[in-house]
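K.L.:
Sharing a structure with you now.
The values are calculated or read from the model by the stated rules, or taken from the named source; none is laboratory data. This one's a predicted model, so the numbers in the text were calculated from it and none came from an experiment. With ideal geometry, Cβ positions are generated from the backbone for all residues, glycine too; neighbour counts draw on all protein chains shown. Each accessible area value is taken on the protein alone, full model and side chains, heavy atoms only, with ligands, DNA and RNA left out. Shrake-Rupley method; radii C 1.70, N 1.55, O 1.52, S 1.80 Å.
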Amino acid sequence: MTTETITASASGTWTLGDLEVNRIGFGAMRLPQNGAALQADAASGDRDKAIAVLRRAVELGVNHIDTAAFYFSPLRSANELINSALGGPYPDDLVIATKVGPARHASGEWTAHAGPGQLRGQVEENLRQLGRDHLDVVNLRVLPDHTEFAERFGVLAELREAGLVRHLGVSNVTPEQLAEAQAIAPVVCVQNMYGIGVRPEYDAFVRSCGEQGIAFVPFYSIAAAGREHGTAGSESEEILTVARAHGASPAQVRLAWTLHRGPHVLAIPGTGNPDHLADNVAAGALRLTEEDLALLEGLHQQAAE
């Protein structure tokens, strides 16, 4: 499919609280380093190229960027790159979503997730790095065995009341945890791992978010089981068949399938490559047929067997 003239507006829009965004956004995790993995010894990426990709994303209509203070390499920080590329001032319609919870030492080594007493410091770190006086959206990322979920989310609710945070989201959560958070403060988005063949048991959860007016923002929707290391191995014949029918790439098919799960589903693919960026944005214009969706649904459900 031709990508040169397609912008993020082709994907449609959704509203995060009172903030309207195009459904194709951009994930900043890959920008600070070569490759995707957040490792202490990761080689730092090219600064000029990262800044150029961010500026090109905005030119292509991307107005929803996902980032975090723990996205960094020895020489690069995703937040600092975003600030340098787009700040002073930021575009009026740009929505920056950050995550708190995970913690990394300055050396790059991962440490214990932040407890309730550390979350304000993480929010302030994001504010400082981004050069902003408030954060548009803050997602609390948790692990399945985390305790004190309500207390942690309550800290963010207090920061929202204080004006440091505009809207709240949750990441890597169960439906029960979402309900727990909703009882404390409004939740505008859920960020969970999801894609073709990835967690089909969450299909009902994805639908439920839409019924509640909550955006579902899947991560690793292109990489799937490859996670932060990217796509691994050869693609399935089902995805290749759909890709050939539309003159699209397998990655575009995966993104399009994600967007077809409901008008509340947003995409935040990340890349440090300008060409891949244009392809990802163009996936928002890919309209899959009923036959395509049936074929891909069969592949998706195989993972549940």
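K.L.:
Please enumerate the residues belonging to segment 121-146 that are without any contact (Cβ under 8 Å) to a residue 40 or more places away in the chain, surrounded by 15 or more Cβ atoms within 10 Å (Cβ to Cβ) and farther than 29 Å from residue 58 by Cα.
P.N.:
Within segment 121-146, just 146 meets the criteria.
A quick yes/no check of all residues on (1) touching a strand residue (DSSP E or B) at 6+ places or on another chain (Cβ under 6 Å); (2) over 26 Å from residue 173 (Cα atoms); (3) small (Gly, Ala, Ser); (4) open to solvent by 40 Å² or more (accessible area, probe 1.4 Å):
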| position | (1), (2), (3), (4) |
| --- | --- |
| 53 | no, yes, no, no |
| 67 | yes, no, no, no |
| 76 | yes, yes, no, yes |
| 93 | no, yes, no, yes |
| 96 | yes, no, no, no |
| 148 | no, no, no, yes |
| 157 | no, no, yes, no |
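K.L.:
Moving on to the next point. Only one of 97, 52, 43 is touching a residue at least 24 places away in the same chain (Cβ under 8 Å) and under 19 Å from the mean Cα position of the chain (by Cα); which? Outline the logic, then answer.
P.N.:
Details: 52 fails: under 19 Å from the mean Cα position of the chain (by Cα); 43 fails: under 19 Å from the mean Cα position of the chain (by Cα).
Sole residue among the options that is touching a residue at least 24 places away in the same chain (Cβ under 8 Å) and under 19 Å from the mean Cα position of the chain (by Cα): 97.
K.L.:
If I filter segment 99-116 down to residues being open to solvent by 60 Å² or more (accessible area, probe 1.4 Å) and among the aliphatic types (A, V, I, L, M), which single residue comes out as nearest to residue 150 (Cα to Cα)? Spell out how you get there, then give the answer.
P.N.:
Of segment 99-116, the ones open to solvent by 60 Å² or more (accessible area, probe 1.4 Å) are 105-107, 109-112.
Right, trim to among the aliphatic types (A, V, I, L, M) and you get 106, 112.
On the way: 106: 28, 112: 18 Å.
Of everything passing the filter in segment 99-116, 112 is nearest to residue 150 (Cα to Cα).
K.L.:
If you go through segment 224-244 one residue at a time, how many are open to solvent by 80 Å² or more (accessible area, probe 1.4 Å) and either part of a helix (DSSP H, G or I) or at pLDDT 95 or above (or both)?
P.N.:
5
K.L.:
Oh, and also: For the structure I just gave you, tell me whether residue 51 is in a helix (DSSP H, G or I) and at pLDDT 90 or above. Lay out the reasoning, then the answer.
P.N.:
On the way: in a helix (DSSP H, G or I): yes; at pLDDT 90 or above: yes.
Considered against the rule, which asks whether it is in a helix (DSSP H, G or I) and at pLDDT 90 or above, residue 51 comes out as yes.
K.L.:
For segment 1-45, give me the residue count where each residue is among the polar types (S, T, N, Q), within 17 Å of residue 279 (Cβ to Cβ) and either assigned to a loop (DSSP other than H, G, I, E, B) or at pLDDT below 75 (or both).
P.N.:
From segment 1-45, those among the polar types (S, T, N, Q) are 2-3, 5, 7, 9, 11, 13, 15, 22, 33-34, 39, 44; that's our starting set.
Retained after the next criterion (residues that are within 17 Å of residue 279 (Cβ to Cβ)): 2-3, 5, 7, 9, 11, 22.
Checking the rest, the ones that are also either assigned to a loop (DSSP other than H, G, I, E, B) or at pLDDT below 75 (or both) come to 2-3, 5, 7.
Residues in segment 1-45 being among the polar types (S, T, N, Q), within 17 Å of residue 279 (Cβ to Cβ) and either assigned to a loop (DSSP other than H, G, I, E, B) or at pLDDT below 75 (or both): 4 in total.
K.L.:
Let me ask another. Looking at segment 273-287, can you tell me whether even one residue there is in a loop (DSSP other than H, G, I, E, B), under 24 Å from residue 22 (Cα atoms) and open to solvent by less than 20 Å² (accessible area, probe 1.4 Å)? So that I can check it myself, show each step before the final result.
P.N.:
First, the residues of segment 273-287 that are in a loop (DSSP other than H, G, I, E, B): 273, 286-287.
Retained after the next criterion (residues that are under 24 Å from residue 22 (Cα atoms)): 273, 286-287.
Filter once more, keeping what is open to solvent by less than 20 Å² (accessible area, probe 1.4 Å): 286.
Yes; the residues of segment 273-287 include at least one that is in a loop (DSSP other than H, G, I, E, B), under 24 Å from residue 22 (Cα atoms) and open to solvent by less than 20 Å² (accessible area, probe 1.4 Å).
K.L.:
So in segment 7-51, with the set limited to residues that are among the β-branched types (Val, Ile, Thr) and touching a Gly at 6+ places or on another chain (Cβ under 7 Å), which one is least open to solvent (accessible area, probe 1.4 Å)? Give the derivation first.
P.N.:
Within segment 7-51, the first condition is being among the β-branched types (Val, Ile, Thr), and the residues that meet it are 7, 13, 15, 21, 24, 51.
From the residues that got through so far, the ones that are touching a Gly at 6+ places or on another chain (Cβ under 7 Å) too are 7, 24.
Values: 7: 51, 24: 0 Å².
If we take residues in segment 7-51 being among the β-branched types (Val, Ile, Thr) and touching a Gly at 6+ places or on another chain (Cβ under 7 Å), then 24 is least open to solvent (accessible area, probe 1.4 Å).
K.L.:
From the set of residues in segment 171-191 that are open to solvent by 10 Å² or more (accessible area, probe 1.4 Å) and assigned to a helix (DSSP H, G or I), which is farthest from residue 16 (Cα to Cα)?
P.N.:
Step by step, filter segment 171-191, then rank; the result is 176.
K.L.:
Among the candidates 220, 194, single out the residue that is open to solvent by 10 Å² or more (accessible area, probe 1.4 Å), under 16 Å from the mean Cα position of the chain (by Cα) and aromatic (Phe, Trp, Tyr).
P.N.:
Details: 194 fails: open to solvent by 10 Å² or more (accessible area, probe 1.4 Å).
Among 220, 194, only 220 is open to solvent by 10 Å² or more (accessible area, probe 1.4 Å), under 16 Å from the mean Cα position of the chain (by Cα) and aromatic (Phe, Trp, Tyr).
K.L.:
Which residue is most open to solvent (accessible area, probe 1.4 Å), if the candidates are limited to segment 245-272 and must be under 17 Å from residue 297 (Cα atoms), among the aliphatic types (A, V, I, L, M) and touching a His at 6+ places or on another chain (Cβ under 9 Å)?
P.N.:
In the first step, residues of segment 245-272 are kept if they are under 17 Å from residue 297 (Cα atoms); the result is 245, 250-262, 265.
Next, only the ones that are among the aliphatic types (A, V, I, L, M) stay: 245, 251, 253, 255-256, 259, 265.
Subsequent filtering for residues that are touching a His at 6+ places or on another chain (Cβ under 9 Å) retains 251, 253, 256.
Details: 251: 30, 253: 0, 256: 1 Å².
Checking each candidate, the answer is 251.
K.L.:
Kindly indicate whether residue 156 is in a loop (DSSP other than H, G, I, E, B) and touching a residue at least 12 places away in the same chain (Cβ under 8 Å). Walk me through it before giving the result.
P.N.:
Values: in a loop (DSSP other than H, G, I, E, B): no; touching a residue at least 12 places away in the same chain (Cβ under 8 Å): yes.
Spelling it out, it is not the case that residue 156 is in a loop (DSSP other than H, G, I, E, B) and touching a residue at least 12 places away in the same chain (Cβ under 8 Å).
K.L.:
Further question on the same structure: Is it the case that residue 168 is open to solvent by less than 10 Å² (accessible area, probe 1.4 Å), part of a helix (DSSP H, G or I) and either touching a helix residue (DSSP H, G or I) at 6+ places or on another chain (Cβ under 8 Å) or of a type outside the set (A, V, I, L, M) (or both)? Even if it seems obvious, please write down each step before you answer.
P.N.:
Details: open to solvent by less than 10 Å² (accessible area, probe 1.4 Å): yes; part of a helix (DSSP H, G or I): no; either touching a helix residue (DSSP H, G or I) at 6+ places or on another chain (Cβ under 8 Å) or of a type outside the set (A, V, I, L, M) (or both): yes.
No; evaluated as a whole, the condition is false for this residue.
K.L.:
Which condition from (1) touching a helix residue (DSSP H, G or I) at 6+ places or on another chain (Cβ under 7 Å); (2) β-branched (Val, Ile, Thr); (3) within 24 Å of residue 59 (Cα to Cα) is the one that residue 268 breaks?
P.N.:
Among (1) touching a helix residue (DSSP H, G or I) at 6+ places or on another chain (Cβ under 7 Å); (2) β-branched (Val, Ile, Thr); (3) within 24 Å of residue 59 (Cα to Cα), the lone unmet condition for residue 268 is (1).
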